[in-house]
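Written out below as structure tokens is the structure these notes cover.
The values are calculated or read from the model by the stated rules, or taken from the named source; none is laboratory data. Computed from a predicted model, the values in this text were never measured in an experiment. Every residue, glycine as well, gets a Cβ built from its backbone with ideal geometry; the counts of neighbours run over all protein chains shown. Only protein heavy atoms, including side chains, enter the accessible area calculation; ligands, DNA and RNA are left aside. Shrake-Rupley method; radii C 1.70, N 1.55, O 1.52, S 1.80 Å.
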Amino acid sequence: MLKKNKEDKKNKDDQENDCDDKIIKPRDRINSLDCSQENSFFDLRTTKGQFLFFFITILTSITITQILPYEELKSYFKPSTKCHLECPKVHAVRKPTYWIYGKGGDGQWVHLIKIFNKLGMERVSELESDTADLLWAHDYPFNKLRSRILEFKAHQKVNHFPGCGFLTNKIDLATTDMKYVPKAFRLPEETEKFKKYAENTEKLFVVKHHQHRHIKIQKLSEINFNDNETFIQEYIKNPLLIDGHKFDIGVYTIITSIDPLRVYIYYGDILFRYCPQKYIPFDPNVLDKYIVGDDYLPTWKVPSLAKYYNGLGYGMKESFDTYVRTQFEKDPQIIWDQVEDAIRLSILTKQPLLKNALHRYKYKQNFFEMARFDLIIDSEMNVHLLEANMSPNLSSAHFKQNSLLYEQVIYNMLNLVGVGSYLHRESFKKFDAETDAILSSDKNIMVNGAVCSQLPCSESCSPVECHLCKPCLSQNEILELHRAYREHVNKGNTKRIFPVPINDSKLPIDTKFFRELSSSNQLITKWFHQKCINDQSWCQ
């Protein structure tokens with residue numbers, strides 16, 4: 001027995017010696033406790049084993065990804081979170097997106113892009129433009145992009161209204177027979193009409209191009225009456241002068257709805273542009289005396305205004321207002337009342353054309369408009385409307401000091417139209433019902449409680465005084481009142497000019513102006529009036 005045990009020990013030692021004779025690479029030492037493993041099917045010390053392990057690992061991974069949905073598979077790799085209550089669903093949040101359409105480089109949109117970024121929006125390329133939340137078009141988009149816009153969803157926004165050219169086309173606006181607009185004539189079709197108007201008069205006339213080029217006072221003998229891209233307009237030859245300089249004013253105007261009509265102006269400041277050369281002695285051949293160009297004279301370089309703008313920190317409008325009060329001893333509000341009336345009247349005049357163009361599109365809430373109305377003031381403090389610019393300049397390339405004005409205009413405009421929301425959201429899609437109610441609920445828009453709760457309104461919608469009662473309002477009318485309410489809450493430094501602000505509790509429904517309004521405009525006007533009765537902040 002002892003002999004047999006010695007033989008077994010010897011055989012075992014021989015096996016160990018055989019193992020010792022084999023060369024074991026350092027990377028295989030960990031797995032070399034038993035040399036018999038080298039013949040294993042998954043022996044990672046061998047090339048064959050490594051290849052099989054790699055192949056089967058890849059094959060297994062592909063199989064799993066095909067069987068399990070991506071979102072479910074991703075959940076297995078998330079760190080576990082213990083929730084005392086039910087864990088909320090977590091998903092990636094997409095930023096609201098915008099696409100800029102138009103010629104020119106980003107230089108002209110620096111301030112626009114800056115505000116978009118500050119609002120947490122993301123710019124997309126044309127490839128993703130169909131799903132962009134906001135289309136910002138510098139050029140008129142309803143020619144080349146019409147088919148795309150027709151397919152827009154309810155939440156998508158466009159910064160122009162279809163047919164806005166009826167308002168911003170220089171010839172169309174100038175030749176509209178309207179208060180505040182100097183008399184104008186189309187060429188060549190109104191040549192004879194113009195000649196008859198101009199005979200035996202000392203009035204001056206300026207020839208204008210519809211693209212705002214080649215503007216100049218010309219004699220009748222110098223006018224090309226066959227140019228169908230020009231028009232002739234009466235020239236205001238007694239402009240109000242500041243330090244001898246003629247000037248114009250640019251009022252940024254936002255239209256949030258066409259039917260019913262709602263119009264606001266940015267009231268935080270007004271763009272004042274002064275002619276580089278003094279007006280007197282007048283010379284029609286020196287355009288810098290009476291035409292405002294890109295290199296105009298800014299407020300901060302006009303001596304009588306610089307002390308207010310530079311020294312006291314006033315804006316352009318307040319510097320002008322202070323000058324008018326002190327130098328002319330007149331109330332500048334006389335001017336601003338006319339400015340508001342001129343803008344309001346011009347938009348009301350074009351509203352039927354805009355409404356007709358908008359009718360072709362499914363969602364009328366897709367659109368808003370920000371235009372700049374240019375006006376001048378004569379020496380008698382009368383206001384004259386010259387033009388409305390569809391895509392006004394928002395670049396401070398010429399004057400860096402205008403940067404803040406442009407950014408404030410953009411920010412206030414976007415807040416007004418519901419783009420710059422304080423509440424976090426994906427896209428501009430409709431909020432959930434709970435969040436939507438936080439912004440406004442029916443209690444915020446309902447008026448006339450004492451009237452609506454009693455006869456005849458409790459039983460009928462026929463009487464005029466019942467039209468604002470909830471049972472009498474259509475769903476579309478209720479939605480419009482919600483939009484109007486939110487605009488008022490978010491109006492910031494803008495001022496509503498239509499519906500017309502009301503200074504007292506009496507609504508002038510018996511006036512010709514009110515009677516000529518459309519039924520939808522009458523309804524929204526009466527609603528604002530009722531809100532004004534309850535809260536004076538709604539009067540203006």
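Computed quantities for the displayed model
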{"quantity": "Per DSSP, loop GluC sites (Glu not before Pro) in region 455-540 with at most 11 further Cβ within 10 Å", "calculated": "Glu459, Glu516"}
{"quantity": "Nearest-10 value in Å² for the accessible area of Ser520, using the 1.4 Å probe", "calculated": "30 Å²"}
{"quantity": "Cα pair count fraction exceeding 18 Å, expressed as % - region 248-369", "calculated": "65 percent"}
{"quantity": "Solvent accessible area, Å² - Asp331, 1.4 Å probe, full protein context", "calculated": "90 Å²"}
{"quantity": "Solvent-accessible area of Val207 with every protein chain in place, 1.4 Å probe, in Å² to the nearest 10", "calculated": "10 Å²"}
{"quantity": "Cross-link pairs Lys355/Lys495; Lys193/Lys330; Lys144/Lys429; Lys208/Lys400 - those with Cα-Cα distance over 27 Å", "calculated": "Lys193/Lys330; Lys208/Lys400"}
{"quantity": "Distance (nanometres) between label positions extended 7 Å along Cα→Cβ at Cys461 and Lys216", "calculated": "6.2 nm"}
{"quantity": "Spatial separation of Cα centroids for region 302-360 and region 452-499, in angstrom", "calculated": "30 Å"}
{"quantity": "Most to least accessible of Tyr252, Tyr309 (protein chains only, probe 1.4 Å)", "calculated": "Tyr309, Tyr252"}
{"quantity": "Å² of accessible area per residue within region 164-210, as computed with a 1.4 Å probe and no ligands counted", "calculated": "51 Å²"}
{"quantity": "Heavy-atom accessible area order for His209, His214, largest first, 1.4 Å probe", "calculated": "His214, His209"}
{"quantity": "Links that overshoot a 18 Å alpha carbon limit, given the list Lys183/Lys203; Lys195/Lys219; Lys153/Lys470", "calculated": "Lys153/Lys470"}
{"quantity": "Region 356-423 - percent relative contact order, Cα under 8 Å, separation 6 or more", "calculated": "20 percent"}
{"quantity": "Rounded percent of accessible protein surface that carbon and sulfur make up, region 209-367, 1.4 Å probe", "calculated": "48 percent"}
{"quantity": "Average silhouette area of region 355-464, convex hull of alpha-carbon atoms, in square nanometres", "calculated": "14.1 nm²"}
